[in-house]
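Below: the structure, in structure tokens.
Read the figures in this text as sums done on the coordinates, not as results from a lab. Because the structure is predicted, anything quoted here is derived from the model rather than measured. Heads up, the Cβs are rebuilt from the backbone with ideal geometry, glycines too, and the neighbour counts pull from every protein chain shown.
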Amino acid sequence: MQIFPRSSNAIARASLALVVLAVGGLGWVVLELERTPYITNAGVRKAQPVPFSHEHHVTGLGIDCRYCHTSVETSSFAGIPPTKTCINCHQQIWTNAAYLEPVRESYRTGHSLEWTRVNQLPDFVYFNHSIHINKGVGCNTCHGPIDHMPLTYQYASLQMEFCLDCHRNTEKYLRPRDQVFNMRYEPPVDDPLGKNAVAFNGKNYNNQIELGNALKEAYQVRSVKDITSCNTCHR
Amino acid sequence: MSIDEHKTKPAAAPAAAKSDVCPTKRKQLDLATVREQIEDTTGPEYWRSLEELAGSEEFQEMLHREFPKGASEWLDGFSRRGFLKTMGASLALAGLTGCTRMPNTEIVPYVRQPENVIPGRPKFYATSHTLGGYASPVLVESHLFRPTKIEGNPQHPASLGGTDVYAQASILDLYDPDRAQDITYLGDVRSWNAFISAISGPMMAEKSLAGGGVRILTQTVSSPTLAAQIRDYLAANPQAKWHVYEPINRDNVVEGAKLAFGEPVETRYDLSKADVIVSLDADFLYAGFPGSTRYTRDFAARRNPDANMNRLYVIESTPSSTGMKADHRLPIRAADILDFASNLHISLTAEIDSNTKFVSALVKDLQSHKGSSLIIAGDHQPPPVHALAHFINQELGNVGKTVFYSEPIDANPVNRAESLKALVDDMHAGKVDVLLILSGNPAYDAPAELELASLLKSPSVATKIYLGSHRNETAELCQWHVPEAHYLESWSDARAYDGTVSIIQPLIEPLYNGKSAHEIIAVLAGDSAATGHDLVQAYWQKQHTGADFDTFWRKSLHDGWVEGTTYAPKQAIAKGVGNENTPRSTTMMTITSPSRIAGTELNFRRDPSIYDGRFSNNGWLQELPKPLTKLTWDNPIMIGPAMAERLKLNFKDVAELEFNGKKVKGAVWIQAGHPDNSITVFLGYGRTRAGRVGSGAGFDVYPLRTSQAPWFADGAKLTATGETYNLASTQGYQTMETPDGSERPLVQERSLAEYKKEPNFAKKGEPRPDLTLYPGFDYSKEAYSWGMAIDLNSCVGCNNCIIACQSENNIAVVGREQTLKGRHMHWLRVDTYYNGPRENPKGFFQPLPCMQCENAPCELVCPVQATLHSSEGLNDMVYNRCVGTRYCSNNCPYKVRRFNFLLFQDWETPQFKLMRNPDVTVRSRGVMEKCTYCVQRISEARIDTETATVREGKEIKIGDDLQTACQQSCPANAIVFGNLNDPNSQVNKWKAQSRNYSLLGELNTRPRTTYLAEVRNPNPELEGS
């Protein structure tokens, strides 16, 4: 006596395929979950002792990045300004603003402000600001529209695929060194009229790849094999 | 379920060994076999341990394993059920670890950032580490004012960039969580002000007695400031007394100088000008001998067989690394060295032909090198030997050429034993009211007959103040204990072996409010507000005659020494020659004559790792494999093989040592090359209050040591007890195996004459460079291709590289139990090989980091690509990818990979977080690790040169100034690292030498680290004797 009709064969075969799909789908979900801001913290505005606005200071007042992040060109660490840097201006302006009280208190008492780190890499990754800045990687290439952030958040996922995307295709992202701190820099676009052309070494570039290749040569950017060697970032 | 042995043994293991999971149950070594092996010369030509020589099963076992038996097994009392439960849980959770969200962390900027501070870039400050009063000039790396690494001071003549193991490891002492953290009175916490007011009463009372009841006990003081402070205090209180004691002292040296010159002088040597060097029991190439760092540099520079190579004769009572470097080594008992020296003296002066071949050959050699030879006597040899050494040096015209005399660097060169005896007598007589002990640990290490500990316990002294870094045996017996500031926390000054003064400047505020000796003496003198900085600066202000003190001060701090303070050599004529003071010169003694001692000799020696016990709580030093024995965490009773055979003692046997009616028990270590009828024991172990690391390790031999016989004596008795104890020696671990049929030894060696005949001897058997099926990677297109060369001829086995590597690369300490299982983590090991008879073998040292093979066997077997080749030829290790299969280690013929079997790294103790090198990942459990040629230094140098290239618009390349940590610390300059693509790099010059060979090159692994073969320079007259 037959318990299952013949049609159940088809269901059985289909269920095999379904299992493969389900497992694969689950894997895909897990991988995608790994890329969500829940894990990467991208776009998350973390609580800070003072609601510091990059938008106000950079776009509004036009302060250069290096006024506060002093060691960005010379050290692995860009540098977080000491309280003294804030006080330079804020002993003159907004001297009574309530939300600046932690700054004044820090200056008064000598206890540091404790900021919550926004752009955080795992401890086994050794990122160095100076080499990127000096080889023509713009601040906002990784930090995004920092000049439009009333509260600072991490722009990129900062996962390994993010780093490797650039390390494998540096020409797609490089800009002339004098444009590194320019928050309004726009890469050249293919335009026959030369709109938004970028000048480098006396030549106008209408194409990012051409520009990038010229910059790679000028700045002696090492080969893809070199800068994707494990020890570039891991020690 | 057995926790898998993933490797099958090449040869079927004996059935008995199968059940023998634990390495503790080893088969006993048959010493008779050892002897036969040597006689039959069937054993290996170069051997690492007597076990290997005997061809013991156990050794074979070790050879075929990546880790010693038991290293991979779970031995910690874990039931199978418990294991399955835990494993089940961890498997279930394994997938989730990837989803961990990173915790929020803080950035804490300065309030006012100091000038010139760039976060992320270390700064270096010059200061000095002192040991026995002698300063070792160092540069200290500081990350945002946290000292993290100690380097030698390349500009200081006493260092020239090299350091010693004690200076290197002293950084760990700074962060030792067991350091005393509070001022205490009878164990209760007190404030500094409470201390000052509490002792002001007694000090006032003493003032009226001209300090009659005040005694100051210090260690050797070479600090001009401290000496001046104490002298000033004594001048104001003429009845007070200054005593000096240190268990490892130079009483013999001082007395010997008095015997020869009538006054204490400091002797220093210039080894760069010495063609023939004779050491009379002097271990002058190992840390602890004053000036050893500089001597090693000069000695090693003269070991180049292509230039004028020196020749070293070592006559010694305890096998040492210096002895193993000798071209001719004569093991005799310590008491017989006096006879040897006087025999040598007579043969030289009276030109009587000595009746031993060794002496007559030596005499001829010395006579043909007048003015370019050198006799060095060891600190533990009695004064007459030192006097004889002075006479011989004078006789040979070496004074002013290779030997120099100067003022003693010791500010108070009194006889240590007598000085302490006088103090004890005064204490017995009730003359002492206030006893101030400035560091040291006399309750533990004073001569036994003084019974100082029980005297301190008794109420004979009203006020006892101890300044010390730990609550140790002495602190326990003193009412007041003031924590001593580490030298990286305090101001001071000290003299190097040549008299040059270094200002000791702090790198960090005292972590636990420690005080320095300067501040304590100032309190005594009534100036309790004075800081160390003020006191040291005020002293030098007085000394400085020029106008601009500020410039002088800043320059002295910057350079690491005070200009013009080096002692000028002074005239000293040995007066004793020929008169009745000349020790034993009238009697003709020879070493073949019956020895002067009838019984068994007992030798006390400083421990190569923990010195006199002061470094007991230093995990790096405890776990540092001592030269020759490769012992860690323990001290042995060391005897020679013949004596062991006679007493039927074997490795791991516990013996009872009886001397002067006192007994101690310890495990026996049979050392090839140890003189017969002689026992050596090492000081510094058996501490009861050292701290969590050092307490309880080894056995204490200070109870046997008296001031009559501080270094050696006759009449010791050794008896077997029948007990056994495992000594954690790494000598048999990570043994390499030569491939079947290969005749190439791991260390390559020839005599100078043979080398001249056949300079390419070491290259025999290396494969052709094109011996591969795969096209190689073209490195010539790269800017850099890294390589290293190690000169076996220069290496003196000082172990410095091991500690430097440990400090630079955040390498964990694993402890004795884990070391016994072969789980120690040192990335760089120094293998010792012997060759020749077990009574007097030649020794070889081979530092072994990762070879960075071009055809790396490890890379092929990693299932997750956690170890890969970089474009610059490095064999990268990616910790975050490693899943811990250990296949790589299994496949490594050099056995240089280390696995974190447990969570060895201390992730909790906050002090250690300050200490770590922020540029190197701190590894966790289950991760493989290994040497990476200090890739963090390469990255830093590359980034710096590349940014400079772009900024300045001209090509800048990394040159030879990029050094790995081991290379930088090496006092012998035995390691060279650099760019193989640069034809002018030092490493290429070394690799072009005929002595250059690849270790196990016949495996075609193409190691990037190669060795320069050893060439000895034996006296042709003694050759083959």
DSSP bridge orientation in the protein assembly as shown - percent antiparallel, rounded to nearest 5:
60 percent
Say the cut-off is 24 Å between C-alpha atoms; which of B:364/B:626; A:135/A:172; B:957/B:989 go over it?
B:364/B:626
If I build a Gaussian network model for chain A, linking alpha-carbon pairs within less than 10 angstrom, which residue out of A:182, A:206, A:96 has the largest mean-square fluctuation?
A:96
Could you tell me the relative contact order of chain B? Use alpha-carbon pairs under 8 Å, at least six residues apart, and round to a whole percent.
15 percent
Could you compute the net charge surrounding residue B:264? Neighbours are other residues with a C-beta less than 10 Å from the C-beta of residue B:264; K and R count +1, D and E count -1.
-3
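Take each of the peptides A:133-144, B:750-761, average the number of other beta-carbon atoms within 10 Å over its residues, and list them starting from the highest.
A:133-144, B:750-761
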So which of B:258/B:421; B:370/B:991; A:225/B:895 end up more than 25 Å apart by C-alpha?
B:370/B:991; A:225/B:895
For a quick size check, give me the Cα extents of the protein assembly as shown along its three principal axes, largest first, whole Å.
107, 82, 73
Rh (Kirkwood; distinct C-alpha pairs) - the range B:251-406, Å:
15.3 Å
Packing-based order for B:246-253, B:925-932, B:909-916, using average beta carbon neighbours within 10 Å, highest first
B:246-253, B:925-932, B:909-916
Hey, got the dipole for chain B? About the Cα centre, +1 on K and R Cβ, -1 on D and E Cβ, debye to the nearest 20?
1320 debye
Which value at 222 nm does chain B reach when only helices count, each DSSP H run of 4 or more adding -39,500 (n - 2.57), with the total divided by all residues and rounded to the nearest 500 deg cm²/dmol?
-7500 deg cm²/dmol
Shielding of B:863-871 by partner chains, average beta-carbon count, 10 Å:
3
Rounded to the nearest 5, what % of the DSSP beta bridges within chain B are antiparallel ones?
60 percent
Packing-ranked peptide list from B:331-343, B:713-725, B:313-325, highest mean Cβ count within 10 angstrom first, is B:313-325, B:331-343, B:713-725
Over chain A: helical MRE at 222 nm, DSSP H runs n ≥ 4 each giving -39500 (n - 2.57), nearest 500
-10500 deg cm²/dmol
Which three extents, in whole angstrom, do the alpha-carbon atoms of chain B cover along their principal axes, largest first?
89, 79, 66
